[in-house]
1. For the range 7-30, indicate whether the set of residues that are open to solvent by less than 90 Å² (accessible area, probe 1.4 Å), modelled with pLDDT under 85 and not hydroxyl-bearing (Ser, Thr, Tyr) is non-empty.
2. Given the condition more than 30 Å from SER77 (Cβ to Cβ) and among the charged types (D, E, K, R), answer yes or no: does some residue in the range 5-21 qualify?
3. Cβ-Cβ distance below 7 Å, separation of 6 or more or different chains: which pairs start in the range 42-69 with a residue that is within 21 Å of ILE26 (Cβ to Cβ) and end on one that is among the charged types (D, E, K, R)?
4. If you go through the range 47-63, how many residues are assigned to a helix (DSSP H, G or I) and surrounded by 10 or more Cβ atoms within 10 Å (Cβ to Cβ)?
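The values are calculated or read from the model by the stated rules, or taken from the named source; none is laboratory data. Keep in mind the model is a prediction, meaning the values are calculated, not measured. FYI the Cβ positions are ideal-geometry reconstructions off the backbone, even for glycines, and counts take in every protein chain you see. The area values use the complete protein model at the heavy-atom level, side chains included, leaving out ligands, DNA and RNA. Shrake-Rupley method; radii C 1.70, N 1.55, O 1.52, S 1.80 Å.
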Amino acid sequence: MTKFIKYSIIFLVILIIIAYFLDYTITSSLKKSKRFNYAEWNALYDGKINAEMVIYGSSRAYRHFDPKIFEDSLGFSV
């Protein structure tokens with residue numbers, strides 16, 4: 001039983017390291033991408049957006065969420 005737990009922990013650690021490396025690689029290559037426009041995404045990562053809550057997404061996020069309601073109800077800058 002302890003052998004199983006030991007191999008499970010080793011497997012999970014290796015999996016987490018690989019996932020972190022892939023996330024870092026994909027994120028850094030998307031930041032440098034000239035093919036797609038990720039201006040808002042890069043501004044979010046760089047801390048240039050002056051808001052406590054950011055609604056980011058497709059046209060559904062654009063049409064279904066009203067920032068004024070969030071500002072009035074929750075008191076957050078959106």
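1. yes
2. Yes: one or more hits.
3. Close Cβ pairs satisfying both conditions: ASN42/LYS31; TYR56/GLU40.
4. Result for the range 47-63: 2.
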